[in-house]
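The values are calculated or read from the model by the stated rules, or taken from the named source; none is laboratory data. All values reported here derive from a predicted model rather than from experimental measurement. For neighbour counting, all protein chains shown are included, and Cβ atoms are generated from backbone atoms with ideal geometry for every residue, glycine included.
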Amino acid sequence: SNNPALTRLCEMGREPERTPFLEKLFTFMQNRGTPITSLPSICKQVIDLFSLYFLVKEMGGMDELNKSKKWRDISSNMGLGSSSSAGFTLKKNYAKYLYPFECKFDRGDIDPLPFLSSLDSLGGLAKRDASAFASSKKGLSDKPNVDTNGECVSFFWRKNFIENVFLQLIRIA
């Protein structure tokens with residue numbers, strides 16, 4: 001294929017169904033006007049869309065995973081870290097790259113848009129991280145948590161959060 005993203009994903013494993021599945025996914029996404037031109041990653045680690053799709057399918061599909069809140073288990077199984085931010089990032093990437101495909105081929109061609117539009121990604125990220133911050137004793141750390149891959153996103157958000165709180169404290173004083 002002349003698509004480097006597709007080539008890279010095909011080279012990530014030797015399963016006989018990998019290339020046909022990925023070609024079908026890429027063609028489908030191209031035809032619906034949302035081509036996959038670059039690969040999603042978590043902290044510079046490429047997300048294997050083939051493995052992700054079948055792990056999620058094994059656990060009942062995206063809706064089921066959202067209900068059971070098992071995204072961290074999936075990110076952990078894929079070696080992408082077990083933090084809540086790794087799980088959250090994986091969920092967002094599944095929604096963007098794979099959920100429309102799941103709706104079309106596994107769920108009788110239902111419309112993915114109602115769910116996708118309800119994923120208020122930025123608001124959700126801020127709220128989720130605010131609660132993670134409040135419940136975390138590591139919240140005031142000034143360096144990223146190096147033992148999990150998924151913390152990168154959360155670290156930068158936390159740093160901004162701390163700076164904003166600090167600025168508000170100065171204003172009050």
Inset, instruction - Report, ordered by the first and then the second residue, all pairs with beta carbons closer than 8 Å, sequence separation of six or more or different chains, a first member in region 1-24 that is crowded, with 17+ Cβ neighbours inside 10 Å, and a second member that is in a helix (DSSP H, G or I) and among the acidic types (Asp, Glu). - result: Leu6/Glu23
Inset, instruction - Working only within region 30-54, note down all residues that are touching a residue at least 60 places away in the same chain (Cβ under 8 Å), farther than 22 Å from Asn77 by Cα and surrounded by fewer than 19 Cβ atoms within 10 Å (Cβ to Cβ). - result: Arg32, Thr34
Inset, instruction - Quick one: which residue in Thr19, Thr89 is in contact with a strand residue (DSSP E or B) (Cβ under 6 Å, 6 or more places away or on another chain) and among the polar types (S, T, N, Q)? - result: Thr89
Legend entry - Number of positions in region 67-105 that are buried (at least 16 other Cβ atoms within 10 Å of the Cβ), part of a helix (DSSP H, G or I) and polar (S, T, N, Q): 6
Legend entry - First in region 98-113 and under 17 Å from Pro35 (Cα atoms), second anywhere and assigned to a loop (DSSP other than H, G, I, E, B) and modelled with pLDDT of 85 or more, Cβ under 8 Å, 6 or more apart: Pro100/Arg32; Pro100/Thr34; Glu102/Gly61
Inset, instruction - Go through (1) on the phi < 0 side of the Ramachandran plot; (2) under 12 Å from the mean Cα position of the chain (by Cα) and name the single condition Gly81 misses. - result: (1)
Legend entry - Filter result (in a helix (DSSP H, G or I) and at pLDDT 90 or above) within region 51-63: Ser51, Leu52, Tyr53, Phe54, Leu55, Val56, Lys57, Glu58, Met62
Inset, instruction - May I ask you to list the residues in region 29-50 that are in a helix (DSSP H, G or I) and either over 26 Å from Leu113 (Cα atoms) or at pLDDT below 95 (or both)? - result: Met29, Gln30, Asn31
